[in-house]
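Reading through the structure tokens given below for one structure.
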Ligand SMILES: [Cu+2]
């Protein structure tokens, strides 16, 4: 056998196993981008991105509740819907992709006021969830919209949606790089920042202690009871890694409210009317303290 014939035989042997070139776009591809009989790992790459982003969002929300020790119905519903739409998207279902995209937009719009302060404070225990979850949801929105736009043509026939070796793959790589970087930065910076915040506030009267929001913390405002003369000023210092408020209970003779105090922030109030002033933290109403003005 001559060398050329050997080579040709070898080539036939190799290429025999490769799938045939995809059919040109047409009516046959309108219904489903991935036929149900197709092997799961051969599904268009974009479906894996949507699955990964949505399931990560759902699992993050569950972790947030487990770590924070709280339960919230809205958060639970979002977590469940994220996971369901993620799985349905992977199956190549158009409604799953539409649902997941709308869900991601709705979530960020609804929870932006809660997410923004967390993103600004790397000492916050939920920081890593926010800094990694939000870019992934953005990726879900970008790819969700692109998939819906390309649906008629077929996402398996759209190179940047079908294969990771494409512009879409590069975009995903950039986002994943940002997520990994965010996780590392958060993990490295948060203990340092927590220590710095805890070390500050020397001039303050009352400290909001580290882990003040945990129900097991005996004196979230320390000292819990403080006496000042009339016209005395009290200064609170937030030594915790998350936001708190100093807010008078309803019915006190003079109302006061610090608004949200970031880690390391202070709030001062001058008490001009004698009386007992009980106060709390708005997001954590079990955090309580008393000021006695004589
Ligand atoms: Cu609080």
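Answer yes or no as to whether residue 220 is touching a residue at least 40 places away in the same chain (Cβ under 8 Å) and surrounded by 18 or more Cβ atoms within 10 Å (Cβ to Cβ).
Yes.
Could you count how many residues in segment 158-172 are assigned to a loop (DSSP other than H, G, I, E, B) and surrounded by 16 or more Cβ atoms within 10 Å (Cβ to Cβ)?
2
Somewhere in segment 207-214, is a residue within 13 Å of the ligand (Cβ to nearest atom), in contact (Cβ under 8 Å) with a residue 40 or more places away in the chain, surrounded by fewer than 17 Cβ atoms within 10 Å (Cβ to Cβ) and assigned to a loop (DSSP other than H, G, I, E, B)?
Checking segment 207-214: at least one residue is within 13 Å of the ligand (Cβ to nearest atom), in contact (Cβ under 8 Å) with a residue 40 or more places away in the chain, surrounded by fewer than 17 Cβ atoms within 10 Å (Cβ to Cβ) and assigned to a loop (DSSP other than H, G, I, E, B).
Taking residue 264 as the residue in question, decide whether it is in contact (Cβ under 8 Å) with a residue 24 or more places away in the chain, under 19 Å from residue 118 (Cα atoms), part of a loop (DSSP other than H, G, I, E, B) and away from the ligand (no atom under 13 Å from the Cβ).
yes
I'd like the full set of residues that are within 11 Å of the ligand (Cβ to nearest atom) and either assigned to a loop (DSSP other than H, G, I, E, B) or buried (at least 22 other Cβ atoms within 10 Å of the Cβ) (or both), limited to segment 233-249.
238, 240, 242, 243, 244, 245, 246 - these are the residues of segment 233-249 that are within 11 Å of the ligand (Cβ to nearest atom) and either assigned to a loop (DSSP other than H, G, I, E, B) or buried (at least 22 other Cβ atoms within 10 Å of the Cβ) (or both).
Readers should treat all values here as calculations from the given coordinates under stated rules, not as data from a laboratory. This one's a predicted model, so the numbers in the text were calculated from it and none came from an experiment. As a convention, Cβ positions derive from the backbone with ideal geometry for all residues, glycine included, and neighbour counts pool all protein chains shown.
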